Amino acid sequence: MTERQYPALVIDHRKLTENVETVCGWCAEQGIFVAGVIKGAGGRVSVAEDFVRGGAKMIASSRMEQLRRCREAGIGVPLLMIRVPMLSEVDELVQTAEYSLNSELKTLRALDAAAERHGVTHNVLLMADLGDLREGFFDPDELVQTAVTTEQTLPHLHLAGIGTNLGCYGSVMATEDKMWDLAEIASRVEASIGRPLEIVSGGATSSLMGVFGKYMPKKVNMLRIGAGILTGPLEDMRTCYGYSEMDALHGDAFTLEAQVIEVKRKASHPIGQLGVDAFGQKQTYVDRGMRNRALVAVGRADYGDIADLLPEMSGVEVVGASGDHTILDVEDAERTPEVGDILRFRIKYSAVLRLSGSENVKVADLPVRED
Ligand SMILES: *Cc1c(COP(=O)(O)O)cnc(C)c1O
């Protein structure tokens, strides 16, 4: 066994696979299949494999390189591009992914031409913007018209379905009325093209509230889920949406391990005339007198925001950080750390996203089965 390098992003593939199984199970009970979204984990192939093992029927990402790695690894399920494509990537897209989400006729025409050039049929879902105000047709009539145009004039595309995205820009929740708005648009498209759609994609993790609330219209048969599976109960469905079901998932499929590089007793309030911190921000500091403090060798350049870091050892508090240092108050720690100790943190979604892209952070994979 090789010595682990730090800081380490530890991926427990058994826990991750169990999270996938649990979420796919909830969805399957209501006739919904899951596209596993890997962008939050840097698109690692090992994570995509957990998604497939746990029951995801497609692998999705917003990044072409991540999809390409899955293709090259022979991931075994269709791949879905979930960021509406750039015109400059249509050739690569039709060769890399079977499916994409779309919102522009100009791009659909370019995709059709690219699919013809490469001798493939590319599957598209048209996105409806139900008020969250990121991607998608804001006018349902324009969506229906574009669906008809795609069906009738773009022979190298297959209109596989429609979808929506909520809770990303506008914080709009996947309430029952929004899900029915989507089902209604699907019915209108089906009536206009004279055949059923295979896929109606009801959103991301935030749309699990429709599964928990058991109000998903029958027509909605797919969710694209990343964060909820990767970080489980750390995705705060309870405070935001009032659902506690996520507590059944592991919150520590991804953890951060960092090494202690200094332990000293120091004042808690800075001493001197105060200007700004390492990021040019004016800060306020609470004076709690002299405290035991520890420094660990990982910083905001790696994970972003200290609020996304939850120390596992009780009594340890993250008080601040610069790019490469994190400062912990360990006065009330269960055990005072020593230089060289490794401290573990649970990490919220945006920190998982950043850590998995930081070249300073080493990934350690724990196997699905110990053997
Ligand atoms: C990121 C993304 C998802 C997955 O969102 P999670 O909150 O991670 O489940 C789904 N659909 C689209 C279009 C996305 O950009």
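The values are calculated or read from the model by the stated rules, or taken from the named source; none is laboratory data. From a predicted model like this one, the values you see are computed outputs, not experimental measurements. Quick reminder, even Gly has a Cβ in these numbers, built from the backbone with ideal geometry, and neighbours come from all protein chains shown. Just the protein is used for accessible areas: all its heavy atoms, side chains included, with ligands, DNA and RNA removed. Shrake-Rupley method; radii C 1.70, N 1.55, O 1.52, S 1.80 Å.
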Worksheet item: In the stretch 153-209, what count of residues is obtained for those that are open to solvent by less than 50 Å² (accessible area, probe 1.4 Å), of a type in the set (A, V, I, L, M, F, W, C) and not in a loop (DSSP other than H, G, I, E, B)?
Response: 15
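Results for (1) free of Cβ contacts under 8 Å to residues at least 60 places away in the same chain; (2) touching an Asp or Glu at 6+ places or on another chain (Cβ under 8 Å); (3) of a type outside the set (Gly, Ala, Ser), shown as yes or no for each residue.
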{"residue": "SER103", "(1), (2), (3)": "yes, yes, no"}
{"residue": "LEU108", "(1), (2), (3)": "yes, no, yes"}
{"residue": "ASP112", "(1), (2), (3)": "yes, no, yes"}
{"residue": "ASP129", "(1), (2), (3)": "yes, yes, yes"}
{"residue": "ASP141", "(1), (2), (3)": "yes, no, yes"}
{"residue": "THR164", "(1), (2), (3)": "yes, yes, yes"}
{"residue": "GLY167", "(1), (2), (3)": "yes, yes, no"}
Practice prompt. Having 1 or more residues that are at pLDDT 95 or above is the bar; report the helices (runs of 4 or more DSSP H) wholly within the stretch 212-311 that clear it.
Written response: 227-231, 300-303
Worksheet entry | Inter-residue pairs, beta-carbon under 8 Å, first farther than 23 Å from LEU295 by Cα and in the stretch 248-264, second open to solvent by less than 50 Å² (accessible area, probe 1.4 Å) and among the β-branched types (Val, Ile, Thr), 6+ apart | ALA248/THR22; LEU249/THR22; LEU249/VAL23; LEU249/ILE229; GLY251/THR231; ALA253/ILE11; ALA253/THR231
Discussion item. Checking the structure you have, find out if any residue of the stretch 63-83 is surrounded by fewer than 22 Cβ atoms within 10 Å (Cβ to Cβ), touching a residue at least 24 places away in the same chain (Cβ under 8 Å), within 13 Å of the ligand (Cβ to nearest atom) and closer than 30 Å to PRO367 by Cα.
Written reply: yes
Item to complete: Please go through the stretch 144-170 and pick out each residue that is away from the ligand (no atom under 14 Å from the Cβ), more than 24 Å from ASP91 (Cα to Cα) and aliphatic (A, V, I, L, M).
Response: VAL144
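Consider the stretch 106-139. How many of its residues are under 27 Å from the mean Cα position of the chain (by Cα) and either within 16 Å of the ligand (Cβ to nearest atom) or open to solvent by 10 Å² or more (accessible area, probe 1.4 Å) (or both)? Let's see the steps before the verdict.
Applying the first criterion (under 27 Å from the mean Cα position of the chain (by Cα)) to the stretch 106-139 yields 107-108, 111, 122-138.
Checking the rest, the ones that are also either within 16 Å of the ligand (Cβ to nearest atom) or open to solvent by 10 Å² or more (accessible area, probe 1.4 Å) (or both) come to 107, 123-138.
Here the count works out to 17.
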